[in-house]
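Student: Quick one: the structure is below, and I'll ask about it shortly.
The values are calculated or read from the model by the stated rules, or taken from the named source; none is laboratory data. In this text the structure is predicted, and so the values were computed from the model without any measurement. Counting neighbours? That spans all protein chains shown, and the Cβs are built from the backbone with ideal geometry, glycine included. For the accessible areas, the whole protein counts, side chains as well, though only heavy atoms, and no ligand, DNA or RNA atoms are used. Shrake-Rupley method; radii C 1.70, N 1.55, O 1.52, S 1.80 Å.
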Amino acid sequence: MKEHIDIIENYNNIKSSLAENIEIVAVSKFQSTEKIMTLYNLGHRNFGENYVQELIEKYNQLPKDIQWHFIGHLQSNKVKYIAPFIHLIHSVDSFKLLQEINKQALKNNRIINCLLQIHIAQEETKFGFDFNEAENLLNNPQFNQLHNIKITGLMGMATFTNNTQQIESEFLSLKNFYDKIQHHRYPNTDIKILSMGMSNDFNIAIQYGSNMVRLGTILFGERKIQNNAR
Ligand SMILES: *Cc1c(COP(=O)(O)O)cnc(C)c1O
């Protein structure tokens, strides 16, 4: 099918243009399991989803060696459904959520890797900590006790705009903060992932130090249902 040939071409073009240290998370929300399998059959294993229900359905249907990334806003009461298998949660945006992830990880006898989502955009609708809040969390004595999570880096979304300078300054601010906390050696952390860049801005994000890009539309084409949170 033409659609699937396009996906293969999109993937190969992007993959060959990126340095080897840059990981692609293929964002498959609202995309079919057939499309996911097209990339899976090329050897791709990292996929990102925004909604717990949709993720569970796909997890049940698809091969178990897929590494699932949770990138949407996560409600504490839903953590239990993904805790048994989730590979990386990009969207930790409160201490309460992190405590719940730790609790569910313990029940599953796992350590769950997490990124702190940092609010760098000017838009009000985006979730995330500001830099001070994130530092306070890492310095919180209670954070020391969360032995079943590991903070492996940061995630951020730039403002959705054509203003390249603004996007650049937002990504730069996140990279600076990333460098700062990486050198600090907090407990329960191993800071090595900077998840920034989507279809429209991943090339800029990479210039500013991203090593994980979350790509949906540019790989799979337009989503069937529009996500109102973008
Ligand atoms: C949907 C989404 C993406 C992918 O967006 P595209 O513009 O389709 O590449 C990346 N990150 C997050 C957090 C998303 O919600």
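Student: Confirm whether Pro63 is modelled with pLDDT of 95 or more and more than 26 Å from Gly221 (Cα to Cα).
Tutor: It is false that Pro63 is modelled with pLDDT of 95 or more and more than 26 Å from Gly221 (Cα to Cα).
Student: Moving to a separate point now. Which of the residues belonging to region 59-71 are surrounded by 19 or more Cβ atoms within 10 Å (Cβ to Cβ) and either within 13 Å of the ligand (Cβ to nearest atom) or without any contact (Cβ under 8 Å) to a residue 12 or more places away in the chain (or both)?
Tutor: The answer is His69, Phe70, Ile71.
Student: Considering only residues that are in contact with a strand residue (DSSP E or B) (Cβ under 8 Å, 6 or more places away or on another chain) and more than 16 Å from the ligand (Cβ to nearest atom), look in region 72-88 and name the one that is most open to solvent (accessible area, probe 1.4 Å).
Tutor: Phe85
Student: Are any residues in region 42-58 touching a helix residue (DSSP H, G or I) at 6+ places or on another chain (Cβ under 8 Å) and either among the aliphatic types (A, V, I, L, M) or open to solvent by 20 Å² or more (accessible area, probe 1.4 Å) (or both), and if so, which ones?
Tutor: Leu42, Val52, Leu55, Ile56
Student: While we're here: Looking at Phe143, Phe160 in this structure, which one is over 16 Å from the mean Cα position of the chain (by Cα) and in contact (Cβ under 8 Å) with a residue 60 or more places away in the chain?
Tutor: Residue meeting the stated conditions: Phe160.
Student: Which residues, counting only those in region 11-41, are open to solvent by 20 Å² or more (accessible area, probe 1.4 Å), more than 19 Å from Ser210 (Cβ to Cβ) and in contact with a Leu (Cβ under 9 Å, 6 or more places away or on another chain)?
Tutor: Asn12, Thr33, Met37, Tyr40
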